[in-house]
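Structure record follows, encoded as structure tokens.
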Amino acid sequence: MIRLTSAVLTLALAALLPTAQALAQAKPAVQPVRIGMIGPFTGPSSDFGTPMLRGVQLAVEEINAVGGYLGRPLELVIRDDEGKPDVGLARSKELMGEGVIATIGFCNTGVALKSIEVFQDAKSPLIVPCSTGSPITAKYPGPESYIFRTSARDAIQAPFVVDDLVKRGWTRVAIFADSTGYGEAGLKDVQQALAAKGIKAVHVARFGLGVKDLTEELKAARAAGANVVFSYTVGPENATIALGRRALQWDVPQVGAWPLSFPFFINGAKQAADDALMAQTFIAEPSNERRAAFLSAYARKYKEPMGVPMAAAQAYDTAYLLTYALFSIRNGQFSGPAVKAALENIPRVYYGVVATYEKPFSIDDKDAVTQNMLVMGKVKAGRVTFAYPEDARRNLFVQRKK
């Protein structure tokens, strides 16, 4: 049953142009369609860079199996940004010299913000499947922007989590945010979301990456009367916060954006990670046929856990969305403006793993994910599951953009 379901995804793509396979058989080897791929595939951020890469590779393998683009295979040109802004900038410039027609990538907001000007100036579309910092798609006016995104920006994650806090009565909030571009943007989004509810954080802690002890800041937050810790950092510092709370025997919940679903947190904090809550677009449970097929295909290909399922699923959908856009360019002339316009006017609905994408982008809106696509995840016994039974039920039906 799952194998049949997995075939549905690729057969839907083949249906876009029924002649694709016939043309592939009729012609000899042709020039591939080159797509850039950039992210942290080594270093501390590889825990979500690797699933992102694998999600794209899985989709490309499926797409090529049904003929690619009019018989032309898709070819990934991969660059490792190591999670470092300066390296990301250099690798982005390299990609612009490799003849790529578009690029998928970036996990770290600070790395992305350092590099997006390269793509914008080159008029070469960039689709971001992981980085969530709100400024990424806000830097350029919509009609001019070549920067697209398929991850949930922090400007919708923060209000989503704050709404949950208010519902639970956790309104004395301590914010712990790192000093990276991600932490800086996330802090502003959380403060704005709290302000919209008439709430001000009782304590704000800032720290650099790599910090090993936040005991004094945790004590200060406890003294301020905080009844919840909202953490905004992408690495093992989330675990430092959880372990610090446990050492102080300070039994308050820890909530945050999607990095609380990362191995750095769950494996690093162990039992102290239990019951942490975070925004999610995708939870690795076979709640419908599309997700069951994706999970099965990923497991068969890589034979190990995803690590960060959201990164893999969002990247997988991104590769398909780009391909759907390319099929509206009938002459194979993939200029930057042509690919940009194609992404802004994807003609067919893509029934994806994370969402059902009907016109995910427009000339004015470069973010594909809206708040209705989010669910609240919860760490339980070393994995992320649904925080609420109603979210699990709602997840049976893949959401569309609002």
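The values are calculated or read from the model by the stated rules, or taken from the named source; none is laboratory data. Bear in mind that the values here come from a model prediction, so they are computed numbers and not experimental data. Virtual Cβ from ideal backbone geometry, glycine too; neighbours counted across all protein chains shown. SASA here: full protein model, heavy atoms, side chains in, ligands and nucleic acids out. Shrake-Rupley method; radii C 1.70, N 1.55, O 1.52, S 1.80 Å.
Say the dipole of the chain comes from +1 at the beta carbon of Lys and Arg and -1 at that of Asp and Glu; which of Thr180, Leu89, Ile199 then lies farthest toward its positive end? Among Thr180, Leu89, Ile199, the one farthest towards the positive end of the dipole of the chain is Ile199.
So, with +1 on the Cβ of K and R and -1 on the Cβ of D and E, and no other charges, what is the size of the charge dipole of the chain about its Cα centre, to the nearest 20 debye?
Details: 45 positive and 37 negative charges, 135 e Å.
My answer is approximately 640 debye.
With every protein chain in place and a 1.4 angstrom probe, the accessible-area ranking of Val234, Val162, largest first, reads Val234, Val162. Phi-derived couplings, Karplus 6.51 cos²θ - 1.76 cosθ + 1.60 at θ = phi - 60°, listed residue by residue for region 42-52: 9, x, x, 8, 5, 5, 10, x, 5, x, 4 Hz, with x used for Gly and Pro. Separation of region 161-218 and region 319-386 by C-alpha centroid, Å? When both Cα centres are located, 29 Å separates them. Fully extending the segment from Ile363 to Gln31 would add 116.5 nm, taking 0.36 nm per residue of separation and subtracting the current Cα-Cα distance.
For Glu98, the shell of other residues with beta-carbons less than 13 Å away shows a net charge of +2, using +1 for Lys and Arg and -1 for Asp and Glu. Label reach from Ile78 (point 7 Å along Cα→C-beta): in region 29-67, amide nitrogens under 11 Å belong to 37-39, 41-42, 50-58. Peptides 290-300, 381-391 ordered by packing proxy, namely the average of other Cβ atoms within 10 Å per residue, highest first: 290-300, 381-391. Here the chain is treated as a sphere whose radius is the Kirkwood value from Cα pairs; by Stokes-Einstein at 25 °C and 0.890 mPa s it diffuses with a coefficient of 115 µm²/s.
The candidates Ser328, Ser45, arranged from most to least accessible area with a 1.4 Å probe in the full protein assembly, appear as Ser328, Ser45. Sorted from greatest to least, the principal axis extents spanned by the alpha carbons of region 343-402 come out as 43, 19, 18 Å. With contacts taken as Cα pairs under 8 Å at a separation of at least 6 residues, the chain carries a relative contact order of 18 percent.
What does the net charge come to around Ser46 if you take all other residues with beta carbon closer than 10 Å to its beta carbon, with K and R at +1 and D and E at -1?
Details: positive: none; negative: Asp47, Asp80, Glu82.
Local charge sum for Ser46: -3.
When every Cα-Cα distance of region 286-366 is counted in 10 angstrom steps from zero, the calculated P(r) takes the values 17, 42, 27, 14, 0 percent.
Report the extension gain between Phe397 and Asn372 in nm, rounded to one decimal, defined as 0.36 nm multiplied by the number of residues separating them, less their alpha carbon distance. Intermediate results must be reported in sequence, preceding the final value.
On the way: separation 25, 0.36 × 25 = 9.00 nm, distance 1.18 nm.
Between Phe397 and Asn372, full extension yields an extra 7.8 nm.
Which translational diffusion coefficient, to the nearest whole µm²/s, is obtained for region 180-318 from the Stokes-Einstein equation, given a Kirkwood hydrodynamic radius over C-alpha pairs, 10 °C and 1.306 mPa s? If you can, show how the numbers build up before the last one.
On the way: Rh = 16.5 Å.
Value of D from the Cα-based Kirkwood radius: 96 µm²/s.
The slack in the chain from Thr42 to Ala381, taken as 0.36 nm per residue of separation less the alpha-carbon distance, amounts to 119.3 nm.
The HN-Hα couplings worked out from phi for region 203-220 by the Karplus form 6.51 cos²θ - 1.76 cosθ + 1.60 (θ = phi - 60°) are 7, 10, 10, 10, 7, x, 5, x, 4, 9, 8, 10, 4, 5, 5, 5, 4, 5 Hz, whole numbers, x standing for Gly and Pro.
Give the residue list of trypsin sites (Lys or Arg not before Pro) in region 73-115 that are DSSP loop and have at most 10 other beta-carbon atoms within 10 angstrom.
Numbers: sites: Arg79, Arg91, Lys93, Lys114; in loops: none.
Answer by residue number: there is no such site.
Placing +1 at every Lys and Arg Cβ and -1 at every Asp and Glu Cβ, with all other atoms neutral, what dipole size does region 283-337 have around its Cα centre, in debye to the nearest 20? Spell out each step's value before the answer.
Working: 6 positive and 4 negative charges, 36 e Å.
My answer is approximately 180 debye.
First measure r as the distance between the Cβ atoms of Ala90 and Lys139, then evaluate 1/(1 + (r/R0)^6) with R0 = 22 Å and state the FRET efficiency to the nearest 0.05. Don't skip to the end; give the middle numbers.
Working: r = 20 Å, r/R0 = 0.91.
The calculated FRET efficiency here is 0.65.
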